[in-house]
Amino acid sequence: MTGNRALLLDRDGVINIDCGYVGDVARFEFMPGLFPFLRAVRDRGFRLAVLTNQSGVARGLYGAADHAAVTAHMLTALKREGIDIDLNLACFEHPEGTVAPYARESFWRKPHPGMVLEAVRRLDLDASRSAFLGDNLRDMQAAQGGGIGACLWLTQKKPVPPPGVRVVTGFDEALINLSV
């Protein structure tokens, strides 16, 4: 086997509690149980990457500098917990945006696989041995479009997942299903 394996993670709803357009450090709160989960994933030899749609920038709800501040806060707190993130990617674009540079569609915007494919390239991943943990159907679609081997949909709801997607209700269940 060649290439690294990684766990690709959505941000809002997976890394942090999704309270809608989190563009301010004061509104950023880590999901309970995240730190031990990520340490266990690292212990299994996975690299870690965060791939997030951030249409709040395109919508003018917060700026790119605000997003950078939240990201720096997140990465610093994770590092303090002994967790290194190998790659962090964000897509600000949205076709209904009001901020001119970002008011457009993008191949990086999930459900398109652009960010997934970029992570595979930058981290020299074997996509078939990697996994994606997201909280939305568009995360699963992007992961499948990028050839990711294990697609884990983190939700308390009981959706009917597309073929090849496993629904998990928490980090313990995600870890059990992280078999790629």
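FYI, it's all coordinate maths here, none of it is from the lab. Keep in mind that what you see is a predicted model, and the values were worked out from it rather than measured. Here the Cβ is made from the backbone with ideal geometry for all residues, glycine too, and neighbour counts use every protein chain on show.
Let me confirm something: among 10, 18, which residue is surrounded by 15 or more Cβ atoms within 10 Å (Cβ to Cβ), touching a residue at least 60 places away in the same chain (Cβ under 8 Å), touching a Gly at 6+ places or on another chain (Cβ under 6 Å) and among the acidic types (Asp, Glu)? Talk me through it step by step, then tell me what you get.
Working: 18 fails: touching a Gly at 6+ places or on another chain (Cβ under 6 Å).
Just a single option satisfies the conditions, and that option is 10.
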Handout entry: Tally of residues being part of a strand (DSSP E or B) and under 21 Å from residue 31 (Cα atoms) across the stretch 145-180
Key = 7
